[in-house]
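Any read-out appearing in this document is the output of simple, stated calculations on the displayed coordinates, not a laboratory observation. As the structure is a computational prediction, the values presented were derived from the model and not from experiment. Don't worry about glycine lacking a Cβ; one is built from the backbone with ideal geometry, like all the others, and counts go over all protein chains shown.
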Amino acid sequence: MKKNIMILSIGLFLVVTILYFIPNSLKTRELKHTNEQSKESLTHINSLNTFKVEGDNKIKPTNASLDNRLLKTLIDNNWSETCIASILGNHETKISRPTDLEVSGPVLYYQTYYNQGIKIQLSDNTTETQHIYCLIFNSNYPEDILPNINMSSGLTQVQDVLGEPHFSDAELHLIGYKLKHFYVFFRGNNTLEEISVYSRRYKYDKNCLNTALKRYADTGIPSEFVQALWQDFDYSSGNSTYTYYNYDSRGVFVEITESGSLQDYVTLSLYGNYIGSVTDDLTLPQKNSALSDSINSTLGLSTDKLFINLLLDEDMVFNCEKERIIEVNEIQKRLLEDGELSSDGKTRLLYLFSMYTGNRLKLYNESNSEIFDEIWGVTHYDWLNGRYLIYDKNYRKQLCDNGIFVYDCYHKKEIKIAESIHETEINLLSIDRDIIQYKQNSEIHTIEHSFNKENGDIILIH
């Protein structure tokens with residue numbers, strides 16, 4: 001889930017809004033110029049149990065064997081990132097979710113295994129080892145994810161196996177189930193476009209929230225409350241005085257405002273999937289509209305210091321999945337409206353900018369259905385032909401090397417053709433027929449290029 005920071009100046013909002021929508025049509029020659037700037041064992045899992053979220057016993061639990069090696073290994077290892085490489089190998093690239101395009105949005109990434117049809121999002125917290133937040137399977141994934149369910153299945157077949165969905169959103173073409181060890185969602189019309197799996201790491205201290213609230217009642221300091229909470233949150237974001245923390249699979253969302261003043265406070269949102277104690281006399285799940293008043297009264301905290309938002313009819317993970325799909329749909333719409341199609345029609349490029357991550361280019365396959373790479377820190381770019389893209393990179397956040405690069409869209413490979421010396425700025429200037437010009441340290445440099453007539457490979461002469 002994402003939350004907007006409400007305490008922002010109108011000026012900053014306008015700056016972000018303007019920068020977000022700046023077009024990428026400035027060119028040098030035809031060169032584009034972007035804008036800088038329970039104690040259950042997790043071993044030997046062999047069955048899945050579905051259950052109705054609100055305890056509705058109209059749907060009986062469904063048992064099914066779990067044969068998918070990837071999911072079994074992740075469950076056996078409590079969804080730790082440490083076991084991914086042994087199954088999938090090294091990831092090919094990192095792709096950011098567009099969450100950072102929203103003011104205060106977190107910077108979240110997928111590790112992509114494009115050829116295997118999987119994207120994996122890890123948590124982003126202060127612990128040494130991160131956990132798997134979710135896995136997204138697309139049409140390239142060849143195996144059964146659940147028994148008799150794979151990417152060629154239809155939604156009817158899914159329901160034949162798992163029964164009536166626990167979650168559904170007709171507008172988003174989405175159904176989902178809460179299983180014993182994970183949530184699983186299916187998106188598509190007649191055929192599946194994606195299957196997403198969210199981990200359920202239910203081996204956690206069920207009294208932790210109770211303890212943290214007691215500390216906050218004693219100190220009145222929001223950061224003390226956060227320090228007493230679980231440290232393996234899914235992700236967080238914010239600014240100097242406002243921070244939020246997502247514990248999606250646990251159904252807890254925490255917002256703190258802290259500037260050392262009497263106005264410091266905590267907002268605590270509890271969802272229907274939270275299981276644990278809140279106070280010594282209150283353990284959820286329990287449905288009661290007066291619970292928030294009872295909690296404040298028990299702790300002796302006014303609503304000015306602790307605002308409790310009870311959303312017990314909602315599941316936080318389902319909300320997160322809906323937000324993810326809305327992100328996908330929005331980017332797809334923007335891709336069709338603003339994306340640039342290569343001359344051979346096989347690749348579509350989308351330029352994005354945010355104040356948090358700067359400039360980046362997203363590259364999609366010809367059907368626009370799947371992103372296969374993302375390039376950070378680009379200030380100028382252009383197509384050499386339908387296969388090759390040329391650009392400079394001047395990225396100061398150490399997520400990429402700087403220099404002049406050519407990208408081979410057929411083989412999904414980046415080729416550095418000029419090095420940035422001592423991290424100085426390097427700028428692509430122009431492409432005049434066979435001559436590439438770039439500037440570094442006030443000097444103009446040239447590179448000749450041509451293409452092999454037999455295989456189309458690029459030939460570079462410095």
Quiz prompt | Radius ratio Rg over Rh of the range 303-370, counting only Cα atoms, Kirkwood formula for Rh | solution = 1.22
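What is the range 208-316 by shape, rounded, prolate or oblate, if you read a ≥ b ≥ c off the alpha carbon gyration tensor as root eigenvalues and call it rounded for a/c under 1.5, prolate for a/b larger than b/c, and oblate otherwise? All intermediate terms of the calculation are to be shown ahead of the outcome.
Working: a/c = 1.68, a/b = 1.20, b/c = 1.40.
Verdict is oblate for the range 208-316.
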Exercise. Quick one, can you get me the convex hull of the C-alpha atoms of the range 399-462 expressed as volume per residue in Å³?
Key: 88
Quiz prompt | Calculated Rg and Dmax of the range 148-244 using C-alpha coordinates, Å | solution = 19.4, 56
Quiz item: Which whole-Hz couplings ³J(HN,Hα) result when phi for each residue of the range 271-278 is put into the Karplus expression 6.51 cos²θ - 1.76 cosθ + 1.60, θ = phi - 60°, listed in order with x for Gly and Pro?
Solution: 9, x, 8, 6, 10, x, 7, 10
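What pairs in Lys119/Lys206; Lys346/Lys413; Lys333/Lys439; Lys178/Lys214; Lys362/Lys393; Lys413/Lys439 have C-alpha atoms more than 26 Å from each other?
Details: Lys119/Lys206 31 Å; Lys346/Lys413 15 Å; Lys333/Lys439 36 Å; Lys178/Lys214 31 Å; Lys362/Lys393 14 Å; Lys413/Lys439 24 Å.
Checking Cα-Cα distances, Lys119/Lys206; Lys333/Lys439; Lys178/Lys214 exceed 26 Å.
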Quiz item: What is the Cα centroid distance between the range 411-438 and the range 103-152, reported in whole angstrom?
Solution: 33
Quiz item: So, in nm, how far is label Glu171 from label Asp293 when the simple model puts each one 7 Å beyond its Cα toward the Cβ?
Solution: 3.3
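Just the Kirkwood number for the range 353-462, please: inverse of mean 1/r across all distinct Cα pairs, in Å, one decimal.
Averaging 1/r across every pair of different Cα atoms and inverting gives 14.7 Å.
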Quiz prompt | Radius 11 Å from Cβ of Arg201, net charge of other residues (Lys, Arg +1; Asp, Glu -1) | solution = 0
